[in-house]
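Encoded as structure tokens, the structure appears first; notes follow it.
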Amino acid sequence: MITTTIASPGSLLTAALSRRPTRPEIAIALGFPAALFFAVSLGWLVRTGGIVRITDARMATTIAVELALALLIVPYLKTQGWRPQDIAGSPTPFDVVRGAGVIFAAYLSIWLVALILHFAAPDVLATIRRHPITGTISPLTVLVVAIINPVFEEFLWLGYAIPALGARYGLRIAIAGSIALRLAVHTYQGTLALVTILPTAIVFTWYFVRTGRLWPVIVAHMIADALALSLLRPPS
């Protein structure tokens, strides 16, 4: 269970929770991109039956959509009193160390989930092994995705969602909503998302809420994306 106590009264997250956004703002800044990505993800799952193959073109499309959304939403949010630097502050070299610790905790949580399933529901793991994520992408694509995607997602699912939903509906709902939205947009992964994305989302959200620090989570996400994409193998 994720605690709803944040690290310090003077943290950037605490200050951000004092801004009460309107429902239309949340619908535009959070609801629209979440609905868009969920619809695309669900459509992909239906078309492919859970067989995920990553390509340069698919990744380029994802990054293009994320950049377009950021160019539209961030200026709008600035007019509403929300700015990225107000929730994240400036990154520091030690955030890299913190980020390494966060991703280690996330990988450990995934391993624990897999271990539990190994004994409690081995058929689930067997299904996942039969449909691994495969693909072939260039090193340049790996680099671009591992930089842009984590920044976009963490500012959306944590940097905006937690303080916006928290100020409007309470921190417990904000935590649950952030985790649920992150999981929903990875629907295309099928059962695999429950084993990898869900525990990762819990760790990332717990760290952000407890510390109020966003950059270490972004670094952790960068490491995860870089490793996952670099280890992709062509379909057999």
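With K and R counted +1 and D and E -1, the other residues having a Cβ less than 14 Å from that of Arg233 yield a net charge of +2. Packing-based ranking of 200-212, 173-185 yields 200-212, 173-185, ordered from highest to lowest mean Cβ neighbour count within 10 Å.
Residues whose amide H comes within less than 5 Å of that of Gly135, counting only those at least five positions distant or on another chain, are Ile54, Arg233 (H built at 1.01 Å from N in the peptide plane). Paramagnetic label reach from Arg58 (point 7 Å along Cα→Cβ; backbone nitrogen cut-off under 18 Å): within the range 173-189, residues 183-189. Extension gain for the segment Arg172 to Thr134, taken as residue separation times 0.36 nm less the Cα-Cα distance, is 10.1 nm to one decimal.
Normalised by the number of residues in the range 118-236, the mean separation of alpha-carbon contacts (under 8 Å, six or more apart) gives a relative contact order of 39 percent. Using θ = phi - 60° in the Karplus curve 6.51 cos²θ - 1.76 cosθ + 1.60, the 3J(HN,Hα) couplings for the range 206-219 round to 4, 5, 5, 5, 6, 10, x, 9, 9, 4, x, 5, 4, 4 Hz; x is entered for Gly and Pro.
When only alpha carbons are used to place a centre, the range 158-236 and the range 115-157 end up 12 Å from one another.
Modelled spin labels at Leu231 and Phe104, positioned 7 Å past Cα toward Cβ, are 1.7 nm from each other. Around Ile63, with a cut-off of 14 angstrom between Cβ atoms, what is the net charge of the other residues, counting Lys and Arg +1 and Asp and Glu -1? Neighbourhood net charge equals -3. Which value in nm describes the separation of the simple spin-label points at Ile147 and Ala126, placed 7 Å from the Cα toward the beta carbon? According to this spin-label approximation, the distance is 4.5 nm. Estimated purely from DSSP H runs of n ≥ 4, each contributing -39500 (n - 2.57), the mean residue ellipticity at 222 nm for the chain is -23000 deg cm²/dmol once divided by its residues. Backbone geometry of the range 113-119 corresponds, through the Karplus equation with coefficients 6.51, -1.76 and 1.60 at θ = phi - 60°, to 3J(HN,Hα) couplings of 4, 5, 5, 4, 5, 4, 9 Hz, x marking Gly and Pro. Quick one: net charge of Ile54's neighbours, Cβ under 14 Å, K/R +1, D/E -1? Cβ neighbours under 14 Å give a net charge of +1.
Read-outs: derived from the displayed coordinates by stated rules, not from any lab. What you see is a predicted model; the values in this text were computed from it and never measured. Methodologically, a virtual Cβ is constructed for each residue, glycine included, from the backbone with ideal geometry; neighbour enumeration extends over all protein chains shown.
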